[in-house]
Amino acid sequence: MLIYSYVIKSLFDCNNKSAIKLLVYYTALIFEIMNWKKNWIILVVIAAMGSLLSFKFADKYFEIAKNLDLYASVVREINSYYVDEIDAGKLNKKAIDEMLKSLDPYTVFISEAEAEDFRFQMTGQYGGIGSQVVQRNDYVMISDPYEGYAAQKADLRAGDLILAVDGKSAKGKTTSEMSKLLKGQAGTVVKLSIKRANETLEIPVTREEIKLKNVPYYGLINPTTGYIKLSSFTNDAGEDVKKALIDLKTKNIKQVILDVRGNPGGLLNEAINIVNLFVPKGQLVVTTKGKTSEWNKAYTTSNPAIDTEIPLVVLTNKGSASASEIVSGTLQDLDRGIVIGQRTFGKGLVQSTRPLQYNTQIKITTAKYYTPSGRCIQALDYSHRNEDGSVGTVPDSIKKAFKTKNGRMVYDGGGVEPDLVTSLPPLSLFTQTLLSQFVLFDFATEYRQKHASLGAEAQSFQISNELYEQFKNYVLAKEFTFVSQSEQALEEFKKKAVEEKYFDAVQPTFEQIKKQLSQNKAQELLQHKTEISALLTEEIVRRYYFQNGRTAASFQFDKEIQEALKLFDNPQQIQSILAVKK
């Protein structure tokens, strides 16, 4: 009972009436399972909630009691007559989750069992070996050891299949199950039996406290251009970017690129701290507005900036959300930086986490945020759902225009639109097949086994014609399933021909065309050499220099980075983009 009362209290505190109405329906469940009389249910619930409700909701008591009575009756009937025994905990968890899902995807109940995962999302910290894993048939495989952490220290490598953990077979384990086995208290040892090529190795790994970095990489793209990759907004993200920027300035950089592509966001205060590095003290960064005055706040920079003049480009894509959009949108509004890439995700909502009973929590959307120009970039309107429950985007026709500091037009209701929009063509079907069936991955793994060192710095390594020819022969000799779009169309033709009963007449021609199409791997490898070489470069470099190396190796192929470099070389274009509008 207490946990539901506290959920209700949290939502009342946030003055979310629609959520309250939904939640109270379920408050009586645990009482009904115990077959308490329904009059007691109503009295106890109202008594428990009495101290939580303000007088302005007093007229809602009857509605609450009526719905509690109705819900209690449903649960009582289920508990008494349903053919199987019900699990009260699972039933109520499902009820709460479905209720909150009707609000928005960000208002969620966090059970005690989920608390550790939630802590990791907020802090980026956990106890474990420090590696990404991926499913590979019946086993889980090491895919990406984190540089400097336990897995890499123990010489676990990408491509190692985990056969057993502490002597127990790992066959059939999912990545989620394996992650739980690999995580544990720092200082404890987990013994892994792994298969590497044709060897089986026993490797003990001492777990340690893993802290995923907010800034996994920073460095020089060229002698005058600094680059900072910001992947999250957990604790100290602002300090991490600050250290990177200061270090880059000691190398006499003339311009800097801040990359928030694929960054889903995080802590609001860290976004403010990062903006503060580039704008002076006292500058408005973001305001939040909720239903009650306590959520109406204005956030300004509180420290001296590190550099208010250095030319700045922010890279975004559709995976840039929340705090990433505060950083990119605010720097755009203040005409402090130029945004390059694709339109961002469009999450303009703020969440607050409130503790509940029994080590549970609820994360509630309490406000919307607005960049300095006054725009809210929220793209989906969860308060007005369609009849089928789906949520629509804000139509262009009702989007409002706002002005940046220099008078440039920006718009609300759909994420942050970059100042320079780039498009990324999708990978070819053949290249997607090479990725999904681990062909590129396996070639890089074998390359690492044959070559103790890369023989080049990460940023300068390239796929030579000779190496690509080796890869080509590797692919042609390897059995893997690839069905081209032409082959898909051919199979559709066969299906129709069979239905219309004229396939027998064209079958010889059909088989000849099918044979010709199935022999096109060499042609695909030649046609898509550029995109395949880029991915192969990153995959091989990652075997030696891990994620840092992969990032550095990608610079030569990265379209947004190349656009940024061209922009830095053209000060007139920068001035034109940021020009004061008359």
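The values are calculated or read from the model by the stated rules, or taken from the named source; none is laboratory data. What you see is a predicted model; the values in this text were computed from it and never measured. We place every Cβ from the backbone using ideal geometry, glycine too, and count neighbours over all the protein chains shown.
Summed over the stretch 361-378, the residues that are in a loop (DSSP other than H, G, I, E, B) and surrounded by fewer than 20 Cβ atoms within 10 Å (Cβ to Cβ) give a count of 1.
Of all residues assigned to the stretch 552-568, none qualifies as being of a type outside the set (Gly, Ala, Ser), buried (at least 16 other Cβ atoms within 10 Å of the Cβ) and at pLDDT below 95.
Conditions (1) closer than 16 Å to Lys529 by Cα; (2) outside the structural domain of Lys529 (by TED's automatic domain parsing), marked per residue:
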site	(1), (2)
Lys400	no, yes
Tyr411	no, yes
Phe438	no, no
Gln449	no, no
Glu466	yes, no
Ala489	no, yes
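Looking only at residues in the stretch 176-198 that are surrounded by fewer than 15 Cβ atoms within 10 Å (Cβ to Cβ) and of a type in the set (Ser, Thr, Tyr), the one that is nearest to Met141 (Cα to Cα) is Ser176. All of (1) at pLDDT below 95; (2) touching a Phe, Trp or Tyr at 6+ places or on another chain (Cβ under 6 Å); (3) not aromatic (Phe, Trp, Tyr) hold for Thr107 with one exception: (2).
Might you check whether a residue that is closer than 30 Å to Tyr447 by Cα and either within 33 Å of the chain's Cα centre (by Cα) or not assigned by TED's automatic domain parsing to the domain that holds Arg196 (or both) occurs anywhere in the stretch 561-572? Within the stretch 561-572, one or more residues are closer than 30 Å to Tyr447 by Cα and either within 33 Å of the chain's Cα centre (by Cα) or not assigned by TED's automatic domain parsing to the domain that holds Arg196 (or both). Looking for something more than 26 Å from the chain's Cα centre (by Cα), touching a residue at least 24 places away in the same chain (Cβ under 8 Å) and surrounded by fewer than 13 Cβ atoms within 10 Å (Cβ to Cβ) - is there at least one such residue anywhere in the stretch 465-476? Yes, the conditions are met somewhere in the stretch 465-476. Of the residues making up the stretch 99-120, those that are in a helix (DSSP H, G or I), out of contact with any helix residue (DSSP H, G or I) (no Cβ under 9 Å at 6 or more places or on another chain) and either free of Cβ contacts under 8 Å to residues at least 12 places away in the same chain or surrounded by 15 or more Cβ atoms within 10 Å (Cβ to Cβ) (or both) are Lys101, Ala113, Glu114, Glu116, Asp117, Phe118, Arg119, Phe120. Of the residues making up the stretch 199-227, those that are crowded, with 19+ Cβ neighbours inside 10 Å, out of contact with any Asp or Glu (no Cβ under 7 Å at 6 or more places or on another chain) and free of Cβ contacts under 8 Å to residues at least 40 places away in the same chain are Tyr218, Gly226. If the condition is being surrounded by 12 or more Cβ atoms within 10 Å (Cβ to Cβ) and closer than 29 Å to Leu567 by Cβ, then the stretch 451-461 contributes Ala456, Glu457, Ala458, Gln459, Phe461.
When Lys94 is tested against (1) surrounded by 13 or more Cβ atoms within 10 Å (Cβ to Cβ); (2) free of Cβ contacts under 8 Å to residues at least 40 places away in the same chain; (3) in a helix (DSSP H, G or I), exactly one condition is not met: (1). Where strands (runs of 3 or more DSSP E) fall wholly inside the stretch 207-278, the ranges with 1 or more residues that are closer than 18 Å to Tyr146 by Cα are 208-211, 217-222, 225-229. So is Glu511 part of a helix (DSSP H, G or I), in contact (Cβ under 8 Å) with a residue 24 or more places away in the chain and either out of contact with any Pro (no Cβ under 7 Å at 6 or more places or on another chain) or not assigned by TED's automatic domain parsing to the domain that holds Lys195 (or both) or not? It is false that Glu511 is part of a helix (DSSP H, G or I), in contact (Cβ under 8 Å) with a residue 24 or more places away in the chain and either out of contact with any Pro (no Cβ under 7 Å at 6 or more places or on another chain) or not assigned by TED's automatic domain parsing to the domain that holds Lys195 (or both).
Whenever a residue of the stretch 438-462 is small (Gly, Ala, Ser), its partners that are part of a loop (DSSP other than H, G, I, E, B), lying with C-beta atoms within less than 9 angstrom and at least six residues away or across chains, give the pairs Ala444/Ala158; Ala444/Gly159; Gly455/Phe461; Ala456/Gln462; Ser460/Gln556.
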